[in-house]
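Asker: Before I ask anything, let me first share the structure, which is written out below as structure tokens.
The values are calculated or read from the model by the stated rules, or taken from the named source; none is laboratory data. If you're wondering where the values come from, they're calculated on a predicted model, not measured in any experiment. Please note: Cβ atoms are built from the backbone with ideal geometry, for glycine as well, and neighbour counts cover all protein chains shown. Ligands, DNA and RNA are stripped out before the accessible areas are found, and what is left, the full protein with its side chains, is counted by its heavy atoms. Shrake-Rupley method; radii C 1.70, N 1.55, O 1.52, S 1.80 Å.
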Amino acid sequence: MTKPIYSYLQAELEKRFKVLKLWEAQDGSRFLEDHNQIIRAVVSDGGTGLSPELMAALPKLEIVSSFSVGMDKIDLGKCKEKGIRVSNTPDVLTDDVADLAIGLTLAVLRKLPASDRYVRSGMWKKALYCEMLLYFQFSGKSVGIVGLGRIGQAIATRAEGFGCKISYHSRTPKPESSNYTYYPSVVDLAAHSDILVVACALTNETRHIINREVIDALGPRGVLVNIARGATVDEPELVSALVEGRLGGAGLDVFENEPNVPEQLIELDEKVVLAPHAGSGTEETRKGMADLVVGNLVAHFEGKELLTPVV
Amino acid sequence: MTCSSVQVQPYLLEALEEKFTLHKLDTTTEPDKAARFLRTHRDSIRAVVGTAFVGADAELIDQLPNLEIVSSYSVGVDKIDLAKCKEKGIRVTNCPDVSTDDVADLALGLMLAVSRRLCPIDRYVRSGLWSKLDFFSKQFSGKTVGIIGPGNIGMAIAKRAEAFGCPISYFSRSQKPACINYNYCPTVVDLAANCDILVVACALTPDTRHIINRDVIDALGPEGVLVNIGRGPHVDEAELVSALLEGRLGGAGLDVFQDEPNVPEELFKLDNVVLMPHVGSATVEARKAMADLVVGNLEAHFLNKPLLTPVV
């Protein structure tokens, strides 16, 4: 294990395998050298993945079982080349991530954390009408989704329950989603959306897909929600747009350099809602993800089909 | 206008001032001044604009012999003595429908905020405690949502919750044909025992006061969540507070309270509770539509036309 991801996961692994904890080693490289003939699997998470150094240090590596759906920190091409299997945890977290996307949208538009603070601080007793906070409607608004995969589709289905008009951008249009409007350009999607949700995988093509031009098109009343990966957004541009009022608000679960969050975002506590990469952070889903990580490893070592292979 | 803040809703105030002679009456923070004012102007006041907080009670109605209409800037009319108005031939209007979506949106927002701990995690990130986060939240999708009062707002909540794969149960005095796909529960305790998240969405009447009592709260249980976007008096607030403090109830999302703006301070240290200052319909969009209805009803009345949204 590269890091102490989740106690239930660690316990389940320890029941079945010899678990070596990289984070406890005084000297990581020495530790790997000492054990490199016996390490046949790596368990990691989305943020850590499998670094090139780690891959190079483990000649007997057969499988990487990732506690995430995101694969941006694993060189999948190289794994394929070397015959290393890779598994992830799709589907089990789709609903939770989509729920968080809608939760963040409502939290931004209806200023839920700021209003909760308004009550707890005693401000409500001083002013019955909360005039200092402006609230905006969610129902019926135009929602633009970047990346209409499993998670993007789940977000669309939920937003439709609020009477929202759905548009999307992806590499190619999806014929099964003909009731949603397709935009080949992200800038156009942003220009036609009140709320823009980033739900795509992080790849070389989608790095900074949300740039200054897109943010400006979304505009001073627009809201950006990111439940994908921090690097899909040009973070300094996002911050300056929010500070200057060129963007109306943002709900962010991911950041370019987690767990670091730009100071100016910390200060903007009414139009911005922040979450600590908690999209899949429910008891139910984390357990489901852990079971998949273990299940994939067990399948591999029993010579069976992987449950959720990526490579 | 009987509001407790004269800084209220500039759009509404402007619209009223444009068309009528508007007297702004602060009956809560300046009761003596208000009383003197009423004595001076009692004969000339033909209309009152009330809000969700301060309406037109028997006392006020008695002080205004020429009152013809009460136009409420709210959906709920529990702060207006309807019986007295009917008796005296005073018309009453409210603002139904235009805020239905916003109230339903807030109900869902509260469900998500409580389940996913949105307020505490936002605070954790801002306080630099990200890596110290040691709790998981609860899944929302697929949880059973129980609705008390499947009226316009209740049905709007059901429609939204269904999009998250939530099975819907409901309680009302009788089964509703429109709820054919929902599970009818003949009592509120039944409903509470059979759902994960219980939402109060009915009107406040003498029958529904304290409809959420200790039995209901116990049936909802330590994993259950209560969401109240109805009226504070729907809930036995003392029982709710002790249940939350003792862990007998899993969480609560509250937009309304027994005695607004006073909120039991014991709730302030709890992370499984989200507290809102009665803002269910407080969006810019809904407020504009409500203001237009208030003014529209008043105009219709004084032009002898049919009222747009009469209650009495």
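Asker: Take every Cα pair under 8 Å in segment A:1-81 that's 6+ residues apart, average their separations, divide by the length, and report that relative contact order as a whole percent.
Answerer: With pairs under 8 Å counted, the relative contact order is 28 percent.
Asker: Nearest 5 percent is fine: what portion of the DSSP beta bridges confined to the protein assembly as shown is antiparallel?
Answerer: Around 5 percent of the beta bridges assigned by DSSP in the protein assembly as shown are antiparallel ones.
Asker: Turning to a different aspect of this structure: For segment A:169-176, just list the computed ³J(HN,Hα) in residue order, Karplus coefficients 6.51, -1.76 and 1.60, θ = phi - 60°, integers in Hz, with x standing in for Gly and Pro.
Answerer: Going residue by residue, I get 10, 8, 4, 9, x, 9, x, 6 Hz, with x marking Gly and Pro.
Asker: Oh, and also: Taking all protein chains as present, what is the carbon and sulfur share of the accessible area of chain B, in % to the nearest whole number, probe 1.4 Å?
Answerer: Percent of accessible area from carbon and sulfur atoms in chain B: 50.
Asker: Rounded to the nearest 0.05, what FRET efficiency is calculated for B:ARG46 and B:GLN175 with R0 set to 45 Å and r the Cβ-Cβ distance?
Answerer: Efficiency at R0 = 45 Å is approximately 0.55.
Asker: Relative to the first principal axis of the alpha-carbon coordinates of chain B, what is the inclination of helix B:284-302, with its axis defined by its Cα atoms, in degrees from 0 to 90 and to the nearest 10?
Answerer: Here the helix axis deviates by roughly 30 degrees.
Asker: Another one. Where the centroid of each part is defined by its Cα atoms, how far is segment B:230-298 from segment B:161-177 in Å?
Answerer: 22 Å
Asker: Same structure again: Quick one: what Rg and Dmax do you get for chain B from the alpha carbons, in Å?
Answerer: Computed over the Cα atoms of chain B, radius of gyration and Dmax are 21.0, 66 Å.
Asker: By how many degrees, between 0 and 90 and to the nearest 10, does the Cα long axis of helix A:150-160 differ from the longest principal axis of chain A?
Answerer: Relative to chain A, helix A:150-160 is tipped by roughly 20 degrees.
Asker: For the protein assembly as shown, give the magnitude of the charge dipole about the Cα centre (Cβ charges: +1 Lys/Arg, -1 Asp/Glu; no others), in debye to the nearest 20.
Answerer: Rounded to the nearest 20 debye, it is 580 debye.
Asker: Also, I was wondering about something else. Give me a comma-separated list of calculated 3J(HN,Hα) values for segment A:89-100, in order, Karplus coefficients 6.51, -1.76, 1.60 applied at θ = phi - 60°, integers in Hz, x for any Gly or Pro.
Answerer: Using θ = phi - 60°, the values come out as 10, x, 6, 4, 9, 3, 4, 5, 5, 5, 4, 5 Hz.
Asker: How big is the gap, in Å, between the Cα center of segment A:157-193 and the Cα center of segment A:1-49?
Answerer: 41 Å
Asker: Between A:LYS287 and B:GLN63, what FRET efficiency follows from the Cβ-Cβ distance if R0 is 56 Å, with the result rounded to 0.05?
Answerer: 0.35
Asker: Over chain A, what is the mean sequence separation of C-alpha contacts under 8 Å (at least six apart), divided by residue count, expressed as relative contact order in percent?
Answerer: That works out to 18 percent.
Asker: Per DSSP H run of n ≥ 4, the term is -39500 (n - 2.57); total these for chain B, divide by its residue number, and report the mean residue ellipticity at 222 nm rounded to 500 deg cm²/dmol.
Answerer: -10500 deg cm²/dmol
Asker: Rounded to whole Å and ordered largest first, report the semi-axes of the equivalent ellipsoid of the protein assembly as shown derived from its Cα gyration tensor (root of 5λ).
Answerer: Square roots of five times the eigenvalues give 51, 26, 21 Å.
Asker: Can you figure out the FRET efficiency of B:HIS210 with B:ASN262, using R₀ = 22 Å and their beta-carbon distance, to the nearest 0.05?
Answerer: Given R0 = 22 Å and the Cβ-Cβ separation, E is 0.80.
Asker: Using θ = phi - 60° and the Karplus relation 6.51 cos²θ - 1.76 cosθ + 1.60, list the HN-Hα couplings for segment B:33-40 in order, rounded to whole Hz, with x at every Gly or Pro.
Answerer: Each residue of segment B:33-40 in turn: 4, 5, 4, 4, 4, 4, 4, 5 Hz.
Asker: Also, I was wondering about something else. Rounded to the nearest 10 Å², what accessible area does A:LYS165 show when all protein chains are kept and the probe is 1.4 Å?
Answerer: Taking all protein chains as shown, A:LYS165 has close to 120 Å².
Asker: Right, here's the next one. Could you grab the relative contact order for chain B? Cα pairs under 8 Å, six or more apart, rounded to a whole percent.
Answerer: 18 percent
Asker: Taking the radius of gyration and the Kirkwood hydrodynamic radius from Cα positions alone, what is the Rg/Rh ratio for chain A, to two decimal places?
Answerer: 1.02
Asker: Output the direction-averaged projected area (hull surface divided by four) of the convex hull of the alpha-carbon atoms of segment A:176-311, in nm².
Answerer: 10.7 nm²
Asker: May I pose another question? Within the accessible area of segment A:1-122, what % is carbon and sulfur when the probe is 1.4 Å and the other protein chains stay in place?
Answerer: 48 percent
Asker: So what is the accessible area of the protein assembly as shown per residue, in Å², with the probe set to 1.4 Å?
Answerer: Averaged over the residues of the protein assembly as shown, the accessible area is 42 Å².
Asker: Protein chains only, probe 1.4 Å: how do A:LYS111, A:LYS60, B:LYS86 rank by accessible area, largest first?
Answerer: Putting A:LYS111, A:LYS60, B:LYS86 in descending order of accessible area: B:LYS86, A:LYS60, A:LYS111.
Asker: If you don't mind, there's one more thing I want to ask. If one takes the accessible area of chain B alone plus chain A alone and subtracts that of the pair, with a 1.4 Å probe, what total in Å², rounded to the nearest 100, results?
Answerer: Approximately 5200 Å² gets buried when B meets A.
Asker: Of the heavy-atom accessible surface of segment A:240-287 (probe 1.4 angstrom), what whole percent is carbon and sulfur?
Answerer: Of the solvent-accessible surface of segment A:240-287, carbon and sulfur hold 43 percent.
Asker: Output the 0 to 90 degree angle, nearest 10, between the alpha-carbon long axis of helix A:7-16 and the longest principal axis computed from the alpha carbons of chain A.
Answerer: 20 degrees
Asker: Could you give me the percent of Cα pairs per 5 Å distance bin for segment B:145-250, shortest bin first, beginning at zero and ending with the bin that holds the maximum distance?
Answerer: Distribution as computed: 2, 14, 26, 27, 18, 10, 3, 0 percent.
Asker: Which cross-chain or sequence-distant (5 or more) residues have an amide H under 5 Å from the amide H of B:VAL274, H modelled 1.01 Å from N in plane?
Answerer: B:ALA252, B:GLY253, B:LEU254
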